[in-house]
Each structure stands twice: as structure tokens, then as C-alpha cells.
């Protein structure tokens, strides 16, 4: 048999095997990278999703927390993973969209290095203060900050995170200055916030809600265009005294570029089914999320819009990271 015929025969034998492997996916556990520390919104949603997705896929979906560098450490790890469907990323999409402008040399290109499989949840954020801070509403906080320039300390989930950028936008619009202290995620920031070492923070409702309910943190306003179901008595920041203030955040699933289309399609189908499951939706609502599943094309458009929105905030605040 001549060499060309041998190659042709090999291809005909291998192609069905590859297709069969894709159709059978997954045949072993799937790793879900959560690029923030435990107890934050990304981690909470990762664990809720992994549990539900495991049941649908018939294989364990294992959450692996890989925090650091404003979620870029986990993102870079996912980017470099084998494109076989066995590594997926719970992507803080808004963080990565802001990073396009924020970083002088971004670690990855969202359009080139990832497939945005589907959005999963809309993540409302809230402005909270420590219980002992003498500010019962947004206007009182602004007045307090103006009377004590740079004395109030604003915690964030990390440098370059939406938590920080929401604060930068707030300061710019209110004409105030606070001192920013970045942490490696929500949990360590909350420890210092409740301990009185820092006074102010923008964080997800999901992460802050337990402490708001116990009275250890006071919610002054949500960053969303409308009030959120979990905090119906808390006004939006816009209606509380800063008209025009809006900051939104999204989480969804990415895979590394190159994952076979049948696997992406299967994963998207299962995520869509989760979004339509009232039990799953209620679990997310109870935890501070709103289920909003959108496919690849809509997700890519969302990332483009978020990139443009946050580019303006980053440039105005003159934040540049290496």
C-alpha cells in the first residue's frame, strides 16, 4: 500500500474515534476553575453550578480555587489548559472585560484565547460600610468622606477587580477621595471590614448578604439600575443620591479556545437547562444571584459592551497595571 493510502486509511480510522470521544464527553471529572478565594460570589456560584452540573453530566465537576492577580491567575491557567473540555472557567466576565483596558499587557485575549460558552448569572453588587461607620445612607457617606479626605479606607476584592472600579466610579461621581486597600478576595476583606480596620466596600450581594442580615455590615445602596430582590429596602445608589451611577457584573462559563464544537454545544445545552430549572434558579436567588443564561454570540456581545463601559472608568481613574 502506498504512503498516501496509508495516511488516508489512518485518518478514516481515527476520525470516528475522535467523534466518538467528543460524543461521550465527559468520561471523567471536569475541573471548574474559580479565580477568586472561597466565599466570594465567583466561588459561591461555582459550587452551586458544579453540584447541579455534575448531576446532569453524570461526572463530578470539581471546583478549584485559583485566586490572584485580579482573577488573571485563574484565567491564565484555564487558557493554557488542554482544549479537551475537561477544564472550564467560571469567568468573572466584567472583570476580564475591564482588564482589556486596565492592564498594559493583558495576559490573554478574550476573543482569541477563550470560547464564551454561556452567561450564567447576573451578579448584583452593593455598597456596604462597617456597622460603626456614622453613615446611614449614601448622602451621609459622601458628606463624611468630604469632611475627612482620604481618611475613609475602601476595601476591594483586589487590584483591578470590579469591586475596586465600582469604588473609583463612585468617588469620581461624588467628588470624594478614599484610600483604597486591595485584598485577595471578599472573605479577607470582610474580616477587616467587620473588625473596623477598613470602613467601606463595594462587593457582590452574594458575598455580603450573610453579614448584612446579621447586622455586621450596613448596606447603603445597590449598584444596579433597579433594586434587587434580596435587599428590597435598599435603594439603588442612583436613587439614593448619585444620579446616573450604575455598575453591573456578570459571571459565565468559558472554555479554552479550541475545545471541539460538540463539547461546547453540549455544555451550553446543559447550562441552558440549568437556567430553566426553578430549583436551581431559586438556589441562586437565595444566594444573591439572578439566573440569566445567554449563548456564545450574545455572551460575546455582552463582553464587548462591558469592555467599552469599563474602559471609560479605567481611563478616567487613570489606573494602569502591569
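Hey, among 94, 101, which residue is modelled with pLDDT of 90 or more and surrounded by 23 or more Cβ atoms within 10 Å (Cβ to Cβ)? Spell out how you get there, then give the answer.
Working: 101 fails: surrounded by 23 or more Cβ atoms within 10 Å (Cβ to Cβ).
None of the others qualify; the one that does is 94.
Would region 143-151 turn up any residue that is surrounded by fewer than 24 Cβ atoms within 10 Å (Cβ to Cβ), more than 28 Å from residue 225 (Cβ to Cβ) and either touching a strand residue (DSSP E or B) at 6+ places or on another chain (Cβ under 9 Å) or not assigned by TED's automatic domain parsing to the domain that holds residue 214 (or both)? Walk me through how you get there before you give the answer.
Initially, region 143-151 is screened for residues surrounded by fewer than 24 Cβ atoms within 10 Å (Cβ to Cβ), giving 143-151.
Among the residues that remain, those that are also more than 28 Å from residue 225 (Cβ to Cβ) are: 147-151.
Imposing the further condition that a residue be either touching a strand residue (DSSP E or B) at 6+ places or on another chain (Cβ under 9 Å) or not assigned by TED's automatic domain parsing to the domain that holds residue 214 (or both) reduces the set to 150-151.
For region 143-151, residues surrounded by fewer than 24 Cβ atoms within 10 Å (Cβ to Cβ), more than 28 Å from residue 225 (Cβ to Cβ) and either touching a strand residue (DSSP E or B) at 6+ places or on another chain (Cβ under 9 Å) or not assigned by TED's automatic domain parsing to the domain that holds residue 214 (or both): present.
Would you check which residues across region 172-187 are assigned to a helix (DSSP H, G or I) and surrounded by fewer than 19 Cβ atoms within 10 Å (Cβ to Cβ) and list them? Quick ask: steps written out before the conclusion?
Taking region 172-187 first, the residues assigned to a helix (DSSP H, G or I) are 172-174, 186-187.
Of everything in region 172-187, those that are assigned to a helix (DSSP H, G or I) and surrounded by fewer than 19 Cβ atoms within 10 Å (Cβ to Cβ) turn out to be 172, 173, 187.
Can you go through 159, 126 and tell me which one is under 26 Å from the mean Cα position of the chain (by Cα) and in a strand (DSSP E or B)? So that I can check it myself, show each step before the final result.
On the way: 159 fails: in a strand (DSSP E or B).
Residue meeting the stated conditions: 126.
Checking residue 23 against (1) at pLDDT 95 or above; (2) within 20 Å of residue 261 (Cα to Cα), which single condition isn't satisfied?
(1)
Here is a yes/no grid of residues against (1) closer than 20 Å to residue 268 by Cβ; (2) surrounded by 20 or more Cβ atoms within 10 Å (Cβ to Cβ); (3) within 16 Å of the chain's Cα centre (by Cα):
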| site | (1), (2), (3) |
| --- | --- |
| 48 | yes, yes, yes |
| 58 | yes, no, no |
| 74 | no, yes, yes |
| 88 | yes, yes, yes |
| 110 | yes, yes, yes |
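Conditions tested, residue by residue: (1) part of a loop (DSSP other than H, G, I, E, B); (2) assigned by TED's automatic domain parsing to the domain that holds residue 304.
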| site | (1), (2) |
| --- | --- |
| 77 | no, yes |
| 84 | yes, yes |
| 96 | no, yes |
| 100 | no, yes |
| 108 | yes, yes |
| 119 | no, yes |
| 134 | yes, no |
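The values are calculated or read from the model by the stated rules, or taken from the named source; none is laboratory data. Since we're looking at a predicted model, the values are computed, not measured. All Cβ positions, glycine included, derive from the backbone under ideal geometry; neighbour counts span all protein chains shown.
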